[in-house]
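Since the structure comes first, as structure tokens, the remarks are kept for the end.
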Amino acid sequence: MLSHWPPCLPTPSCQETGHFTVPTIEALAARCNYRCSNPDCRIPTTIPLRSPDRYANIGEAAHIKGRRAKSARYDPQQDSADRSTASNGIHLCCNCHKLVDTSGTDEFSVEMLLQWKKDAEGVVIQRFYKTHNNPSFDQN
């Protein structure tokens, strides 16, 4: 299971508090192939451990627009239910998450984080089709 504290089950309380649900956290990570979405980082956010059934996770679901009034990039016009959706989330390693949330709104804007997310997902799509681009592969 991927980390974001506190994790939230899909309930109305998640929408009220702005916390991501576990399925949302997992979707954000999977959509960028479990890599940090920061283009200057892109490290894998899951690492295999010695035991074959164990791994370490350093990935986190970060809010693009802040969850609380004093959060980085907080938008008071944003509906509270929208704060907990995948469209307001980005998958980052724990270091980049800390960096974007403590450096100030001007350095890491909403637009920049949305572009990072789009580009990270685009890399996954490009690699997939490059690897599977053959006449026998159905892309639909």
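Matching residues to (1) touching a strand residue (DSSP E or B) at 6+ places or on another chain (Cβ under 9 Å); (2) closer than 21 Å to Ser103 by Cβ; (3) of a type in the set (Asp, Glu):
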| position | (1), (2), (3) |
| --- | --- |
| Ala27 | yes, no, no |
| Tyr55 | yes, no, no |
| Ala72 | yes, yes, no |
| Gln77 | no, no, no |
| Ser84 | yes, no, no |
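Could you tell me which residue of the range 62-92 is nearest to the chain's Cα centre (by Cα), considering only residues that are hydrophobic (A, V, I, L, M, F, W, C) and in a helix (DSSP H, G or I)? Please lay out each step first, then the result.
Going residue by residue through the range 62-92, those that are hydrophobic (A, V, I, L, M, F, W, C) are 62, 64, 69, 72, 81, 86, 90, 92.
Pick out the ones that are also in a helix (DSSP H, G or I) and you get 81, 86.
On the way: Ala81: 17, Ala86: 8 Å.
Ranking the qualifying residues of the range 62-92, first place goes to Ala86.
Would you pick out the residues in the range 33-46 that are closer than 21 Å to Met112 by Cβ, open to solvent by 60 Å² or more (accessible area, probe 1.4 Å) and among the hydroxyl-bearing types (Ser, Thr, Tyr)?
If we filter the range 33-46 for residues that are closer than 21 Å to Met112 by Cβ, which is where we start, we get 33, 35-43, 45.
Within this subset, residues satisfying the condition of being open to solvent by 60 Å² or more (accessible area, probe 1.4 Å) are 33, 35, 39-40, 43.
Scanning the range 33-46 gives no hits.
Among the residues of the range 47-59, count how many are surrounded by 11 or more Cβ atoms within 10 Å (Cβ to Cβ) and out of contact with any Lys or Arg (no Cβ under 9 Å at 6 or more places or on another chain).
Counting residues in the range 47-59 that are surrounded by 11 or more Cβ atoms within 10 Å (Cβ to Cβ) and out of contact with any Lys or Arg (no Cβ under 9 Å at 6 or more places or on another chain) gives 4.
I'm told Asn95 meets every condition in (1) outside any strand (DSSP E or B); (2) within 21 Å of Thr21 (Cα to Cα) except one. Can you identify the failing condition by its number?
It is condition (2) that Asn95 fails.
The values are calculated or read from the model by the stated rules, or taken from the named source; none is laboratory data. Predicted, not measured: the structure shown is a model, and the values here were computed from it. Every residue, glycine among them, receives a Cβ derived from its backbone with ideal geometry; neighbour counts consider all protein chains shown. We work out accessible area using only protein heavy atoms, side chains counted, and drop any ligands, DNA or RNA first. Shrake-Rupley method; radii C 1.70, N 1.55, O 1.52, S 1.80 Å.
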